[in-house]
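The values are calculated or read from the model by the stated rules, or taken from the named source; none is laboratory data. Quick caveat, the model's predicted, so the values are computed rather than measured. All Cβ positions, even for glycine, are placed from backbone atoms using ideal geometry, and neighbour counts span all protein chains on display.
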C-alpha cells in the first residue's frame, strides 16, 4: 500500500532552491498551512520579494560555502532539497550540489525526514528501455550541461552517506520532467514552434519521458517524506504515463495550429523514460493526464495561441 502523506499543518519546513521553477509552487501551496522557510542565495532583491510574497520566510545561504549555514535555524520538522547549480565549473558545482547536501543534512539532522530531489539525468542512456532505480548510472547530460549528471550522482552519494552515518530518515527522488501552468520543457517547445526554431531530437525516436505535472508533485511530496528511512529510499519520480517530445509537440499542434520543426541530432538528450513500479508501490500513481496538463499550460501562459 502507498504511504499516507505526512501531516504538514503547523510543521516547520525548510525548502531549498526556493527561487527555482519547481520549488516555488510548493512554497505557494504549503505556506498557508505550515511554517515554511525558503533557502536560496537570493542574489537579487526581486527574488526575495517574490518568495516573501508567497508567504515563506527567506534564509540567504550558499550551500557551496562551508560556513554558509552558520547562524540559521536547525529545528525543522521536514527538509526538501530542490537546490541545484549548473555553472559548468566542476569545483563550484560539486561543492554546491555534492558537499552542499551534506552540509544541509548535518545542519538539519534533527528533522523527521529529509527529501533530496535528484534527477533521472543520473541514468546512462539506454534507448527506449524504461530505467528502473537499479539501472546503470552515467554522464547523461554532458553535452548540454557538463557538470549536471556528475553533480547529481555525487549529491546522491553524499546524501546516502550522511543519512547512514547520522540515522536521518531520507528519500532520494529522481525527478523526470516537471511542468505545469508555470512552464516547463513543453512550454519551451511551444515557444520554439511559435518562433520557427528547430527542436533538436535524438534520431532514435520517439524520445520518451514522464511528464510530471505540478499538481501531482505537490500532492506526492508529503508521501515521499513519509517513505523516508535512514537506509535511504531511492525512487523514480515522474508521471505514471510516458509520452514523447514528438507526441506532446503534436498535441501542441492540435491546440494551436503551430507546427514543430524537428532536427535530428545524435548529441540531443535521448529517450529517458522511467520504470514507475516502485513509485506506484510507495506513493501511488499520478492523477493528471499529460494532455490535460499541457492544455492547461497553454491556456494559462499563451491563450492567444489557441485555435479559435
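Among 96, 83, which is the only one that is touching a strand residue (DSSP E or B) at 6+ places or on another chain (Cβ under 8 Å) and at pLDDT below 95?
Just a single option satisfies the conditions, and that option is 83.
Scan 258, 190 and give me the residue that is out of contact with any strand residue (DSSP E or B) (no Cβ under 8 Å at 6 or more places or on another chain), more than 21 Å from residue 119 (Cβ to Cβ) and assigned to a loop (DSSP other than H, G, I, E, B).
On inspection, the qualifying residue turns out to be 258.
Name the single residue that is farthest from the chain's Cα centre (by Cα) among those in region 93-119 being within 21 Å of residue 36 (Cβ to Cβ) and assigned to a helix (DSSP H, G or I). Before the answer, list the steps.
Filtering region 93-119 down to residues within 21 Å of residue 36 (Cβ to Cβ) leaves 100-101, 103-105, 107-117.
Now narrow it down to the ones that are assigned to a helix (DSSP H, G or I): 100-101, 103-105, 107.
Numbers: 100: 17, 101: 15, 103: 20, 104: 18, 105: 18, 107: 22 Å.
That would be 107.
Table: residues versus (1) in contact (Cβ under 8 Å) with a residue 60 or more places away in the chain; (2) farther than 13 Å from residue 212 by Cβ.
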position	(1), (2)
238	yes, no
241	no, no
244	no, yes
257	no, yes
260	yes, yes
271	yes, yes
276	yes, no
285	no, no
288	yes, no
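Do we have residue 157 as more than 23 Å from residue 38 (Cα to Cα), in contact with a helix residue (DSSP H, G or I) (Cβ under 8 Å, 6 or more places away or on another chain) and surrounded by fewer than 21 Cβ atoms within 10 Å (Cβ to Cβ) here? Let's see the steps before the verdict.
Details: more than 23 Å from residue 38 (Cα to Cα): yes; in contact with a helix residue (DSSP H, G or I) (Cβ under 8 Å, 6 or more places away or on another chain): yes; surrounded by fewer than 21 Cβ atoms within 10 Å (Cβ to Cβ): yes.
Against the criterion (more than 23 Å from residue 38 (Cα to Cα), in contact with a helix residue (DSSP H, G or I) (Cβ under 8 Å, 6 or more places away or on another chain) and surrounded by fewer than 21 Cβ atoms within 10 Å (Cβ to Cβ)), residue 157 qualifies.
On the basis of being surrounded by fewer than 21 Cβ atoms within 10 Å (Cβ to Cβ), in contact (Cβ under 8 Å) with a residue 40 or more places away in the chain and not assigned by TED's automatic domain parsing to the domain that holds residue 61, does residue 5 make the cut?
Yes.
Is it the case, given these coordinates, that residue 142 is assigned by TED's automatic domain parsing to the domain that holds residue 221, free of Cβ contacts under 8 Å to residues at least 40 places away in the same chain and either assigned to a helix (DSSP H, G or I) or in contact with a helix residue (DSSP H, G or I) (Cβ under 8 Å, 6 or more places away or on another chain) (or both)?
Working: assigned by TED's automatic domain parsing to the domain that holds residue 221: yes; free of Cβ contacts under 8 Å to residues at least 40 places away in the same chain: yes; either assigned to a helix (DSSP H, G or I) or in contact with a helix residue (DSSP H, G or I) (Cβ under 8 Å, 6 or more places away or on another chain) (or both): yes.
Yes, satisfied.
Of the conditions (1) in the same structural domain as residue 267 (by TED's automatic domain parsing); (2) buried (at least 22 other Cβ atoms within 10 Å of the Cβ), residue 194 satisfies every one except a single condition; which number is it?
Only one criterion is unmet by residue 194, namely (2).
Out of the residues in region 217-244 meeting the condition of being part of a helix (DSSP H, G or I) and touching a helix residue (DSSP H, G or I) at 6+ places or on another chain (Cβ under 7 Å), tell me which one is surrounded by the fewest Cβ atoms within 10 Å (Cβ to Cβ). Give the derivation first.
Our first condition is that a residue be part of a helix (DSSP H, G or I); within region 217-244, this holds for 217-226.
Next, only the ones that are touching a helix residue (DSSP H, G or I) at 6+ places or on another chain (Cβ under 7 Å) stay: 218, 220-221, 223-224.
Details: 218: 15, 220: 24, 221: 25, 223: 18, 224: 26.
Ranking the qualifying residues of region 217-244, first place goes to 218.
Give the residues of region 21-37 that are over 26 Å from residue 186 (Cα atoms) and either in contact (Cβ under 8 Å) with a residue 24 or more places away in the chain or part of a loop (DSSP other than H, G, I, E, B) (or both), sorted by residue number. It would help to see each step written out before you state the result.
Taking region 21-37 as the starting set, the residues that turn out to be over 26 Å from residue 186 (Cα atoms) are 31-37.
Result: 31, 32, 33, 34, 35, 37.
One residue is enough: does region 120-130 have a residue meeting the conditions part of a strand (DSSP E or B) and touching a helix residue (DSSP H, G or I) at 6+ places or on another chain (Cβ under 9 Å)? Explain how you work it out, then say what you get.
The first filter runs over region 120-130 and keeps only residues part of a strand (DSSP E or B), leaving 123.
With touching a helix residue (DSSP H, G or I) at 6+ places or on another chain (Cβ under 9 Å) added as a condition, the list becomes 123.
Yes, region 120-130 has at least one match.
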